[in-house]
Amino acid sequence: MSLTPRFVDEMRAIVGKDAVVVSVEGRMTYECDMHTFYKGAPDVVVLPTRTEQVRAIVQACRRANTPIVPRGSGTGLIGGAMAPQGGVMVSMNRMASILEIDYGNRCATVQPGLINLWLTNAVRERGWFFAPDPSSQMVSSIGGNVSTNAGGPHCLKYGITTNHVLGLELVTGRGEVVRVGGKTLDRPGYDLTGVAVGSEGTFALVTAITVRLTHAPEAVKTVLAAFRTVIEASQVVSAAIAAGMTPAAMEMLDEAIIRAINAGTGAGYPEGAGAVLLIELDGPRAEVEVQGERAAAICREHGALSVSVARDEAERALLWKGRKEAAGAVGRLTASYLLQDAVVPRSKLPHIMREIVAIGERYGLLIANVFHAGDGNLHPMICYDDTRPDELEKAKEANEELLRACIALGGSVTGEHGMGMDKAKNLPLQYADADLNFMFRIRGVFDPARLMNPGKLLPTHPACGEGFRPQRPRLPEGTWV
Amino acid sequence: MHCGICLPQCPTYRVLGEEMDSPRGRIYLMRAVAEGRLDVTDTVTEHLDLCLGCRACETACPAGVRFGTLLETARADMARRAQPLRRWRLSDLLLTVFPDPERLDWVFGLLRRYQRWGLQGLVRRSGLLGRFPRLSALDALLDDAPHAETLPEYVPARGRSRGRVGVVTGCVQRHLFGGVNRDTIRLLALAGWDVVVPREQGCCGALELHAGGIDAFRGRAGALAAAFPDDVDWIVTNAAGCGSALRDAGHWLPGSRAARVAARVRDVTELLVDGDLPLAPLPLTVTYHDACHLAHGQKVRAEPRALLRRIPGLTLVELRDSDLCCGSAGIYNVLQPEMADRLLDLKLDRIRETGARIVVAGNPGCLMQIAKGARARNLDLELAHPVTLLARSAFGSSA
Amino acid sequence: MSVTARTLGGALIAIVGAGGASDDAAACAAAAIDGRRPQWVVRPRTLDELARVVAIAHDEGLAVVPRGAGHALALGSPPARVDVVLDLCGLDAIVEYNPDDLTVTVQAGVTAGALAAVLHDRRQTLPLDPPGWGSRTLGGIAATAAGGPLRLRYGTMRDLLLGVRFVQADGVVTWGGARVVKSVTGYDVPKLLVGALGTLGILGELTLRLHPLPEAEATCLLPLRSTEIAQDVVARLVDSPLQPSRCELLDAAALAACGLPAAAVGLVVSLGSVEGAVRAQQAMVVAEATRVRARAETMGPGFWRTYDRVLAENGPTVLRLATLATRLAATLDEVRASLGGDAGVTITGCAPLGLLRVALRQDEPAVLAKAIERLRAFVDESDGSVVVERGSTALRTSLDPWGPVPAGPLALMRALKQEFDPRGTLNPGRFVGGL
C-alpha cells in the first residue's frame, strides 16, 4: 500500500519535517533488521521525540487504517523491525534519554531508544548495572529489549528483561497513553506490564520504561575450560546445575566459533579445542572463590583439556568481548546462516548436541554453536552458501528438523530472540489451537484494529483468526439437551 | 553483515538517529546500488556524502568490515557513473587546491592579504557569509593564515643514533602548524633518530582518496613514496589523516614501492613512546581528543596518552566520547557545515566536562575545528598537538 | 433448554463422581464465601474434570469460585455471585520433577509444604514463603500473587512461574509459557494469570523454576532506635554488594509477638550462601549495626518459622501497603497516625522493596475505612497502593479492598475480562474494579 501525500503531511505536522523519511533510498535502509532474509520497507519512517507525538501518530494511523511498526536499533534477529505490509515505521532512536535514575529505590526510567549498555555506563560508577545483557547490548535499545523480552548470557542468574521491568508507558493500539506498573510493586489488577513485555510491538508502542537496577556484585570470577567435544562440555553444564551451582553465566562456544572469534578480536580462546565453556560466577567474594574452585573441579572431572581463570578485569573483558561479538564474527566463517534460538531442558544438552552434529553431517552443512548453555538456550548457526540455490533449502530443512528435536525434548521455540516473522510459523509447534487462540485474543484487547506490527509473533493459522472456536471438553451425555 | 554494532559509534547516527546515515545503512545503500536495486540518485549521494569517513565503525566492527575502503570505492564508482556535466562543486575547488603545494601557497598568500587588509572583518560583518554556509565555515576556520617556513633537510640524532627516519610534512600542517613539524623533527632527534625531511615530497593525496579520487591518490602517494630514500627505517607522520591514508597505500597500490613505504609509516607518537626523552615539569591539566584517523584509522590511542602522562606535573583528564569525530574530517567541515557544527557542539560539551584548559589532538584538522568552536563560544581553550607539549617540556618551549 | 439443579447435580456427579460433588446444606454453608452459599461444592481430581465442571457452569450461567486451602478467601471484594465453589485441593499431584533442570510441574492443589518436603531431599527449594505458606496451595499462591520475605532475593510467583495450564471460562483447557527455564515463545500468558484471582482462567497445573538451597544460612536482628535509622540502614544495605535473602522490618509489636527483645523497630536480615560467604556478609551487617550504635543479635534457625506463624495468625484485618523504600519511615508514621494507637497495629514488611504488612486487631468497618482512605491518599503521592489482604465482609463491602486503579489500565483490564469471561463465570465481582 502507499500513503497519500496528505497523510505524509500529517506526519510532518506531528513530528516535524526533519523527522519524516519518505525517500525510496532512505526507506529502503529500514526494510530489514539483522535477519536480512525478511524484507519490507515502510511507506514512511517517523522519528518522534515525545510520547504525545507517538500518540498522535498512532491515532492518525488508525484513522488511515495503516500498519504501525516500531523500530529500535534494528538489531533483532527475527524479522521484527521491518514492515511486510508497509505503513508507518516509528523509529525510537530520538527518544533515547535517561529520564530518571533513582538509586534509593533501585530503579531508572528511560526512553525506549536508549542503548542498553548506556544505562549501565551511566550507573556503573555508583556501583550499579542493568542486568539484561543481550549480546547486542552495545547497540540494541532498551525498548527493543522490552519488545522481544531479550535475554543475554547473565540472565542465567539474573533473569531476562521481564524480570527487570517495573513499569511501562504505552501507546496502545487503541491510540491511548496508558501507564502500567511503576516504581512501587504489587499494584492491584492484572499484570499488564508482564504481558506487554515481549509482545513485540503487537500491543502498543513503548514510550518509557521503568527498570530495576542491580547492584554490582562484590566479586566476579570467569573460568574458561576447553574440551575435546561440545558433548563433553555440555555434560559439565548439566553436572554443575545438578550440583546446585548458580553461575551468573555459562556460555558455550564450539570449534568453528572459536576460530572465527580468535581471528576477529584475538580473544585468545584455545585454538584446536572442540569446545570452550565460559563460566562466570559473581556474588560475595567468598562464595565466588568456593564456586569457582568447584566449577573448575567439575570441568577437570569431565576431562577438560585446560582450565584457566581470568586473572584480572582486562582478561575477563577480553574473554567476554569475543563472546559478545560472536554473532558478528561469524561473518568470517560464512556470508549466510540461519540462526536458531531454541531451548532444551539443560539436562538434555548432551543429547541435543549429538543430534545437532548428526543433523549437520546429514545435510552436509556447517553448524556453528555459541550459546547460553546454562539455561539450555541453543544458538546453532546453520551456515550455507547463498550462491548455491539448493543450499538455502537444505539449511531450512535442517533448521526445522533441529527445532522439532528441541521441542520433542520438552523445549521451547525461542529463548530470547522472540518470534517476529521468522518464528511466528513455529508457534504451533509449541502451542495447541486453544493456546494460540488465547494469545490472538489478548492481542485484540490491546489492539482491536490489529494494526500494530502486523504479521509478527502470531502465525497465519486458523486459531489466530476471528471466529475460531477452540475444542471444549466433552460433557456428560444425556443429562440435558 | 547487518549486526549494527557500529551504529552508536557513528557520529552522524549519534546526531540524527537515522538508519541511512549510519554505517549499516550506508553499506546497505552502496550494496543496493551495486546490485542494481538503486540508481546513484542525489539522495544516495547525500547520505554517503554525510559520512565523515572517520572509520569509527571499523573499530567497532566484529567482522572486520573495512568501511573506509568500501566508501572510497563506492565514491569512485559513483563519480564514474555520474553525468559528465554535473554541478561544479565546492569540493572540487578544495580538492584542486589543498593537495597542490604551489596552489596552496598561492591561496594562503591571498588569505593573508584578505586578513591583513581587514577584508575578513568586513566580510564577516556584511552578513554575506550567512547566505553561504560552506564559505562561512571555511572562513571561520581561518583565523590566522601563517607562512609555511622552510624546514631543515637533515637533522642528526642527539647522542647515539637508533636509526634513520623520514618526516612527512603534510600540506595543511606545513602551513598552519609549522611549529608541529619543527617540534616533530627536534623530538625525533632528541629521541635518537637521524631525521631526513625530503624537500619535494608533495601531498599524500588523502583528501582525494576520501573523496573517491583513487587514481589521484595513487599518483600522489606514489610520488611521495618516491621522494623518500630507501634507507629510512620509518616514515613519520604527525597528521593523522596523512598517516592513515599512507598506511592504506598498500591496499590501493599493491606490490608497489608505495606499498613498501606504507608498511613503514608510523605516527610520531609511536616512535617517541619508545624513546628516552628528558622531560621537565609542566603543571597543566589537559584532555586528549582521539583524532579519527589516528584512533580508528591507525589504531593509535595509547601512545599519545602515555607520552602526555610522562610529562611530570601534567594531569591528563579523560574525555568522554574522546573518539567521536569533532566534525573536522578533512574538508568535511567546509562541505557539511551543519553536521560538523553539531558534532563540534557535542565535542565542546564533553571538553567542558573535563575542566581542562588544553585540548591535545594529533591532527591539524581537529585542532583547527575545535579551536574554531572555542572561539565561537568564547571558551578559553588552547589547542595543542602532543609534540607541542612534549617540546615545551623537553626544550622549555615549543617551536 | 436449561437444566434444573437436579440435572446439574447429575452432570457434576457424572464428571467428578458422587464423592466429588456435594449440594449438602452443611457442606455448602461451610463453603460460603462472604456469607454467600454456593449450590454446589465440587472437588475435581483431574484437570479434565475441572475443565468439564467449568464448562457446564459456563453453559448454565453459573458463577464459579475457585479455592485452594482457603487462606485468601477474605481477599478482595465479596463475590457478586457464588453458585459453584471449586475446591482445587484434590488436584494434588506432583506431575513431573526434574531436579537436574531445577524445574517441577505440579497440579494447582499441591501445597507449598508438600512440595518443599519433596524438594528438600535434593537440596532444592521453591522460594515462595507467603504467610502460612506450608499449608497454602501453589495455585492459591499464584492466583493471589502472595509473597513473603524471600521475595527480596528470589522474586515472586511472577518470576518463578514458567508455564501454566488453566481452564478458560468456557472450559477450554489452555497452556501458556514453557517447561524450560527460559522461553519467550508467544505472549507471556503466565504473567497475566498470576495475581488475577482466577478471573481470567482457573489454574490447573503450574511449571515452576526451582533454586538450590543455600548451603549455609545465618540470620541476625538489628534492634534500632527509630524508623528513620531503619530506613537509613536499609538504604545502606541496598547500596552495597550484600545479597541478603531476606530483610524484614518489624515494629515494636511485631518484635514482641516474635518473642524478640524490645526495640522501637528491628530489622531481621538473613544471608544464604556458602559458609565463608555467609560469615563475611554477616560481619558486614554487624558492622552496619555498629555504625548506628546498635548491637546485632544472631538468631536461631527457627526464627523464620516463628515469624511465619506470627504473620499467618495476627489479627482479623491485614493491609498490604506498597510504597517506596525511600519513604518507609514517613509511611510508618502515617500508618500509626491514621490508625491510632489503640488499634493493635503490628507492622512488618520487606523494607528494601518498600512493602509493608499492617495487621490490626481493629475490625470496626467505619473506623478502618476512614483510616484506609487516608493511607491511600498518602501513598498515592508515590504511586503506591493499600490493599485489604484480609478483612471482614463488612469492611470489604464498605470500601473497595483493592483501592483505585487508574482509568487507563483499568479499561484494559475490563476489556480483558470482557474478552475472556463475558458471562462472568469466573469468580465474579471479587477482583479490582468489580471484575
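The values are calculated or read from the model by the stated rules, or taken from the named source; none is laboratory data. Given the structure is predicted, the values throughout are model-derived calculations rather than measurements. With ideal geometry, Cβ positions are generated from the backbone for all residues, glycine too; neighbour counts draw on all protein chains shown. Quick note on the areas: whole protein, heavy atoms, side chains included, nothing else; ligands and nucleic acids left out. Shrake-Rupley method; radii C 1.70, N 1.55, O 1.52, S 1.80 Å.
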Of the conditions (1) in contact with a Pro (Cβ under 7 Å, 6 or more places away or on another chain); (2) part of a strand (DSSP E or B); (3) open to solvent by less than 10 Å² (accessible area, probe 1.4 Å); (4) not acidic (Asp, Glu), A:VAL206 satisfies every one except a single condition; which number is it? (3)
Among the residues of the range C:359-387, the number that are in contact with a strand residue (DSSP E or B) (Cβ under 6 Å, 6 or more places away or on another chain) and either touching a residue at least 60 places away in the same chain (Cβ under 8 Å) or more than 14 Å from chain A (Cβ to nearest Cβ) (or both) is 7
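Kindly evaluate B:GLY275 against the criterion of being in contact (Cβ under 8 Å) with a residue 12 or more places away in the chain, more than 19 Å from B:ILE214 (Cα to Cα) and open to solvent by 50 Å² or more (accessible area, probe 1.4 Å).
Details: in contact (Cβ under 8 Å) with a residue 12 or more places away in the chain: yes; more than 19 Å from B:ILE214 (Cα to Cα): yes; open to solvent by 50 Å² or more (accessible area, probe 1.4 Å): no.
In short, no.
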Inspect all residues belonging to the range C:26-47 and state whether any of them is free of Cβ contacts under 8 Å to residues at least 40 places away in the same chain, within 11 Å of another protein chain (Cβ to nearest Cβ) and closer than 16 Å to C:ILE202 by Cβ. no
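Does B:GLU102 satisfy being more than 9 Å from every other protein chain (Cβ to nearest Cβ), under 25 Å from B:LEU224 (Cβ atoms), at pLDDT 90 or above and open to solvent by 10 Å² or more (accessible area, probe 1.4 Å)? Break it down stepwise before answering.
Details: more than 9 Å from every other protein chain (Cβ to nearest Cβ): yes; under 25 Å from B:LEU224 (Cβ atoms): yes; at pLDDT 90 or above: no; open to solvent by 10 Å² or more (accessible area, probe 1.4 Å): yes.
No, not satisfied.
Are any of the residues in the range C:34-53 outside any helix (DSSP H, G or I), closer than 18 Å to C:LEU435 by Cβ and touching a strand residue (DSSP E or B) at 6+ places or on another chain (Cβ under 9 Å)? Spell out the reasoning first.
Of all residues in the range C:34-53, those outside any helix (DSSP H, G or I) come to C:34-46.
Filter once more, so that each one left must be closer than 18 Å to C:LEU435 by Cβ: C:34, C:36.
Those still in the list that are touching a strand residue (DSSP E or B) at 6+ places or on another chain (Cβ under 9 Å) too: C:36.
Looking for residues that are outside any helix (DSSP H, G or I), closer than 18 Å to C:LEU435 by Cβ and touching a strand residue (DSSP E or B) at 6+ places or on another chain (Cβ under 9 Å), one finds at least one in the range C:34-53, hence yes.
Specify the residue that is farthest from B:VAL33 (Cα to Cα); the eligible residues are those in the range A:1-19 that are open to solvent by 50 Å² or more (accessible area, probe 1.4 Å) and assigned to a loop (DSSP other than H, G, I, E, B).
Going through the range A:1-19, the residues open to solvent by 50 Å² or more (accessible area, probe 1.4 Å) turn out to be A:1-2, A:4-6, A:9-10, A:12-13, A:17-18.
If we keep only those that are assigned to a loop (DSSP other than H, G, I, E, B) as well, we get A:1-2, A:4.
Values: A:MET1: 24, A:SER2: 23, A:THR4: 27 Å.
Top of the filtered list is A:THR4.
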When (1) within 14 Å of chain A (Cβ to nearest Cβ); (2) of a type in the set (Gly, Ala, Ser); (3) free of Cβ contacts under 8 Å to residues at least 24 places away in the same chain; (4) open to solvent by 10 Å² or more (accessible area, probe 1.4 Å) are applied to C:ALA143, the one that fails is (3)
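Can you tell which of A:ARG311, A:ARG316 is of a type in the set (D, E, K, R) and assigned to a helix (DSSP H, G or I)?
A:ARG316
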Matching option when the condition is assigned to a helix (DSSP H, G or I) and either touching a Gly at 6+ places or on another chain (Cβ under 6 Å) or outside the structural domain of B:SER322 (by TED's automatic domain parsing) (or both), among B:VAL33, B:VAL40: B:VAL33
Considering only the range C:95-118, how many residues are over 21 Å from the mean Cα position of the chain (by Cα) and of a type outside the set (S, T, N, Q)? 8
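Yes/no matrix, rows are residues, columns are (1) out of contact with any Gly (no Cβ under 9 Å at 6 or more places or on another chain); (2) under 29 Å from A:ASP102 (Cα atoms); (3) open to solvent by less than 20 Å² (accessible area, probe 1.4 Å):
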site: C:GLN168; (1), (2), (3): no, no, yes
site: C:VAL189; (1), (2), (3): no, no, yes
site: C:LEU193; (1), (2), (3): no, no, yes
site: C:GLU205; (1), (2), (3): no, no, no
site: C:ARG225; (1), (2), (3): yes, yes, no
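Collect the residues in the range A:43-66 that are in contact with a helix residue (DSSP H, G or I) (Cβ under 8 Å, 6 or more places away or on another chain) and open to solvent by 10 Å² or more (accessible area, probe 1.4 Å), keeping them in residue-number order. Step through it out loud before you land on a result.
Initial filter on the range A:43-66 (in contact with a helix residue (DSSP H, G or I) (Cβ under 8 Å, 6 or more places away or on another chain)): A:43-49, A:53, A:56-57, A:60, A:64, A:66.
Those that are in contact with a helix residue (DSSP H, G or I) (Cβ under 8 Å, 6 or more places away or on another chain) and open to solvent by 10 Å² or more (accessible area, probe 1.4 Å): A:ASP43, A:THR49, A:GLN53, A:ALA56, A:ALA64.
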Is one or more of the residues making up the range C:411-431 of a type in the set (Lys, Arg), in contact with a Lys or Arg (Cβ under 8 Å, 6 or more places away or on another chain) and more than 20 Å from A:GLY194 (Cα to Cα)? no
Can you tell me which residue among C:LEU255, C:LEU200, C:LEU267 is open to solvent by less than 20 Å² (accessible area, probe 1.4 Å) and part of a helix (DSSP H, G or I)? C:LEU255
Of the residues C:ARG122, C:ARG153, only one is within 12 Å of chain A (Cβ to nearest Cβ), more than 16 Å from C:ALA69 (Cβ to Cβ) and assigned to a helix (DSSP H, G or I); which? C:ARG153
Pair list, Cβ under 8 Å, 6 or more apart: the range A:441-468 residue closer than 18 Å to A:GLN59 by Cα and modelled with pLDDT of 95 or more, other residue part of a helix (DSSP H, G or I) and open to solvent by 50 Å² or more (accessible area, probe 1.4 Å): A:GLY444/C:GLU419; A:VAL445/C:GLU419; A:ALA449/A:ARG62; A:LEU451/A:ARG62
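B:VAL360: among the β-branched types (Val, Ile, Thr) and under 15 Å from the mean Cα position of the chain (by Cα), yes or no?
yes
When the residues of the range A:20-40 are filtered to those that are facing chain B (nearest Cβ under 9 Å) and hydrophobic (A, V, I, L, M, F, W, C), which remaining residue is most open to solvent (accessible area, probe 1.4 Å)? Explain how you work it out, then say what you get.
Start the filter on the range A:20-40 by keeping residues that are facing chain B (nearest Cβ under 9 Å), which leaves A:21, A:23-36.
From the residues that got through so far, the ones that are hydrophobic (A, V, I, L, M, F, W, C) too are A:21, A:24, A:28, A:32, A:34.
Details: A:VAL21: 8, A:VAL24: 83, A:MET28: 17, A:CYS32: 0, A:MET34: 33 Å².
For the range A:20-40, the residue satisfying everything is A:VAL24.
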Long-range neighbours under 7 Å by Cβ, at least six apart or interchain, first residue closer than 17 Å to B:HIS293 by Cα within the range B:47-58, second assigned to a loop (DSSP other than H, G, I, E, B) and acidic (Asp, Glu): B:ALA56/B:ASP323
All positions within the range A:148-176 that are on the phi > 0 side of the Ramachandran plot and among the small types (Gly, Ala, Ser): A:GLY152, A:GLY159, A:GLY175
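Residues are listed down the side, and each one gets a yes or a no for (1) part of a loop (DSSP other than H, G, I, E, B); (2) at negative phi; (3) crowded, with 23+ Cβ neighbours inside 10 Å:
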position: B:LYS299; (1), (2), (3): yes, no, no
position: B:PRO304; (1), (2), (3): no, yes, yes
position: B:GLY330; (1), (2), (3): yes, no, yes
position: B:LEU346; (1), (2), (3): no, yes, no
position: B:GLN369; (1), (2), (3): no, yes, yes
position: B:LYS372; (1), (2), (3): no, yes, yes
position: B:ASN378; (1), (2), (3): yes, no, no
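Where residues in the range A:94-123 are charged (D, E, K, R) and farther than 26 Å from A:GLY328 by Cα, which of them is least open to solvent (accessible area, probe 1.4 Å)? If you could, list the steps in order and put the result at the bottom.
Applying the first criterion (charged (D, E, K, R)) to the range A:94-123 yields A:94, A:100, A:102, A:106.
Among the residues that remain, those that are also farther than 26 Å from A:GLY328 by Cα are: A:100, A:102, A:106.
Details: A:GLU100: 72, A:ASP102: 23, A:ARG106: 45 Å².
Ranking the qualifying residues of the range A:94-123, first place goes to A:ASP102.
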Tally the residues that are open to solvent by less than 40 Å² (accessible area, probe 1.4 Å), within 14 Å of another protein chain (Cβ to nearest Cβ) and in a helix (DSSP H, G or I), restricting the search to the range A:266-296. 6
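Does C:ALA337 qualify as being more than 10 Å from every other protein chain (Cβ to nearest Cβ), at pLDDT 95 or above and open to solvent by 10 Å² or more (accessible area, probe 1.4 Å)?
no
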Here the residues within the range A:385-425 that are more than 20 Å from the chain's Cα centre (by Cα) and acidic (Asp, Glu) are A:ASP385, A:ASP386, A:ASP390, A:GLU391, A:GLU393, A:GLU397, A:GLU401
